[in-house]
Amino acid sequence: MADVPPDFVADLRHLRRWPDLADSLWRSPILVELTYGRLWRLLAEVLPSPPARVLDIGCGTGALSLAMAQAGHDVTAIDPDPTAIELAERSAHHAGPVQLAYHRSDVAAFVADEAGFDVVVASRTLHHVREPAAALERVRRWLRPGGQLVCIDFFHDRFDRRDARWVAQLRGLLEATGAYRSDGWHPADPAAAVERVEWEWEQDHVVEHDLNRSADIEGPLRHGFRTNTQSWHPYLYWDILEALDVADPTIEKATATLVADWEESLLAAGQLTPVLLRFVGLRDAD
């Protein structure tokens, strides 16, 4: 996050408008509630009762780490980005007394007591970690026998023509009503609009960032951990909400909620291909 206001905190319990964060979901409470808030609920549903000793890898600005600590867990969180860690520590300081420690580190460099954690959380992290199989092997060693890994991640290579068609249609509708920030990108021809969405997706997730594919992550997950539960969830709407441009808070809330719930309904009906996986795996005794 660039140009973050000096008083910004990533605390899901204390949301407010941040007009200076125009390119971030944190600019609006409802956008955070529909994205990071729903992400937190996905995580909270599968966490054990507190207090558990939790390691959060790739914590970013720390919204989920802080939420876990506020729920009563003893949380250690790591991220290699110094700016993210600075913001996370600021948020934790403003939140008051919690059991929460941040460290600037990636998975490969982090030193932890083996078999010391009850839970390891990897939220939207493994898709950009180098050598995810090696990272997951380290995670397995850090878990106590019977401990659980909670991985919530998206797989860009699952994005297909049905997904691209829905995104193109939705962007076109929002652009037509003036509710979507754009530079006139949307082609009038429906087929061309879909192709444009597919091209942009490829550029963002393969050409520019070269993210891990689903097989790079799903295979090691199932090899190293006994599957407890897994489920698929909406995620395409995150990109849509990032560019949503509605001044009236009431209309913004109605529009953003409609977009998020629409994807969820289409997924439930089997009309879209999901890209966001929640995997809960257990470490068996060696």
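The values are calculated or read from the model by the stated rules, or taken from the named source; none is laboratory data. Quick caveat, the model's predicted, so the values are computed rather than measured. Glycine also receives a Cβ, built like all others from the backbone with ideal geometry; neighbour counts cover every protein chain displayed.
Which of the residues belonging to the range 200-250 are among the β-branched types (Val, Ile, Thr) and under 20 Å from Gln169 (Cβ atoms)? Give the derivation first.
In the first step, residues of the range 200-250 are kept if they are among the β-branched types (Val, Ile, Thr); the result is 206-207, 217, 227, 229, 240, 246, 250.
The answer is Ile240, Val246.
When residues of the range 59-83 are filtered for being hydrophobic (A, V, I, L, M, F, W, C) and touching a residue at least 40 places away in the same chain (Cβ under 8 Å), how many remain?
Total satisfying the criteria: 6.
Filter the range 129-144 for residues that are among the aliphatic types (A, V, I, L, M) and either closer than 29 Å to Arg38 by Cβ or in contact (Cβ under 8 Å) with a residue 60 or more places away in the chain (or both); which is surrounded by the most Cβ atoms within 10 Å (Cβ to Cβ)?
The first filter runs over the range 129-144 and keeps only residues among the aliphatic types (A, V, I, L, M), leaving 129, 133-136, 139, 143.
Among the residues that remain, those that are also either closer than 29 Å to Arg38 by Cβ or in contact (Cβ under 8 Å) with a residue 60 or more places away in the chain (or both) are: 129, 133, 135-136, 139, 143.
Details: Val129: 23, Ala133: 15, Ala135: 22, Leu136: 25, Val139: 29, Leu143: 23.
Checked the range 129-144; the qualifying residue surrounded by the most Cβ atoms within 10 Å (Cβ to Cβ) is Val139.
If only one of Leu266, Leu272, Leu282 is in contact with a Gly (Cβ under 8 Å, 6 or more places away or on another chain), at pLDDT 95 or above and aliphatic (A, V, I, L, M), which one is it?
Values: Leu266 fails: in contact with a Gly (Cβ under 8 Å, 6 or more places away or on another chain); Leu272 fails: in contact with a Gly (Cβ under 8 Å, 6 or more places away or on another chain).
Answer to the selection: Leu282.
Quick one: which of Val120, Val98 is touching a helix residue (DSSP H, G or I) at 6+ places or on another chain (Cβ under 7 Å), touching a residue at least 24 places away in the same chain (Cβ under 8 Å), part of a strand (DSSP E or B) and under 20 Å from Leu43 (Cβ atoms)?
Val120
Might you check whether a residue that is touching a residue at least 12 places away in the same chain (Cβ under 8 Å) and among the β-branched types (Val, Ile, Thr) occurs anywhere in the range 196-214?
yes
Can you tell me which of Leu236, Leu244 is surrounded by 15 or more Cβ atoms within 10 Å (Cβ to Cβ), closer than 15 Å to Phe154 by Cβ and of a type outside the set (D, E, K, R)?
Being surrounded by 15 or more Cβ atoms within 10 Å (Cβ to Cβ), closer than 15 Å to Phe154 by Cβ and of a type outside the set (D, E, K, R) holds for just one of Leu236, Leu244, which is Leu236.
Do we find a residue being under 29 Å from Trp232 (Cβ atoms) and out of contact with any Ser or Thr (no Cβ under 6 Å at 6 or more places or on another chain) anywhere in the range 83-101?
The answer is no; no qualifying residue exists.
What are the pairs, 6+ residues apart or on separate chains, where a residue within the range 43-58 that is part of a loop (DSSP other than H, G, I, E, B) has its Cβ under 9 Å from a residue that is among the hydrophobic types (A, V, I, L, M, F, W, C) and surrounded by fewer than 17 Cβ atoms within 10 Å (Cβ to Cβ)?
none
Does the range 229-241 include one or more residues that are assigned to a helix (DSSP H, G or I), more than 26 Å from Ala122 (Cβ to Cβ) and either of a type in the set (Gly, Ala, Ser) or modelled with pLDDT of 95 or more (or both)?
Taking the range 229-241 as the starting set, the residues that turn out to be assigned to a helix (DSSP H, G or I) are 237-241.
Keeping just the survivors that are more than 26 Å from Ala122 (Cβ to Cβ) gives none.
Within the range 229-241 (the criterion being assigned to a helix (DSSP H, G or I), more than 26 Å from Ala122 (Cβ to Cβ) and either of a type in the set (Gly, Ala, Ser) or modelled with pLDDT of 95 or more (or both)), the answer is no, since none of the residues qualifies.
Being crowded, with 22+ Cβ neighbours inside 10 Å, at pLDDT 95 or above and touching a Pro at 6+ places or on another chain (Cβ under 9 Å): is that true of Leu126 here?
Against the criterion (crowded, with 22+ Cβ neighbours inside 10 Å, at pLDDT 95 or above and touching a Pro at 6+ places or on another chain (Cβ under 9 Å)), Leu126 qualifies.
Show the residue pairs that are 6+ apart or on different chains and have beta-carbon atoms under 9 Å apart, the first residue being within the range 243-267 and within 16 Å of Ala176 (Cα to Cα) and part of a helix (DSSP H, G or I), the second being polar (S, T, N, Q) and at pLDDT below 95.
What qualifies is Thr255/Thr177.
Looking at Gly147, is it at pLDDT 95 or above and either in a helix (DSSP H, G or I) or surrounded by 14 or more Cβ atoms within 10 Å (Cβ to Cβ) (or both)?
So Gly147 fits the description; yes.
Looking at the range 109-117, can you tell me whether even one residue there is outside any helix (DSSP H, G or I), closer than 27 Å to Arg41 by Cβ, acidic (Asp, Glu) and in contact (Cβ under 8 Å) with a residue 12 or more places away in the chain?
Checked the range 109-117: no residue is outside any helix (DSSP H, G or I), closer than 27 Å to Arg41 by Cβ, acidic (Asp, Glu) and in contact (Cβ under 8 Å) with a residue 12 or more places away in the chain.
Of a type in the set (D, E, K, R) and at pLDDT below 95, is that true of Glu208?
Details: of a type in the set (D, E, K, R): yes; at pLDDT below 95: yes.
Answer is yes for this residue.
Is at least one residue of the range 49-56 within 15 Å of the chain's Cα centre (by Cα) and at pLDDT 95 or above?
Yes, because at least one residue in the range 49-56 is within 15 Å of the chain's Cα centre (by Cα) and at pLDDT 95 or above.
Considering only residues that are closer than 15 Å to Asp239 by Cβ and surrounded by fewer than 13 Cβ atoms within 10 Å (Cβ to Cβ), which ones fall in the range 193-229?
Within the range 193-229, Trp199, Gln203, Glu208, His209 qualify.
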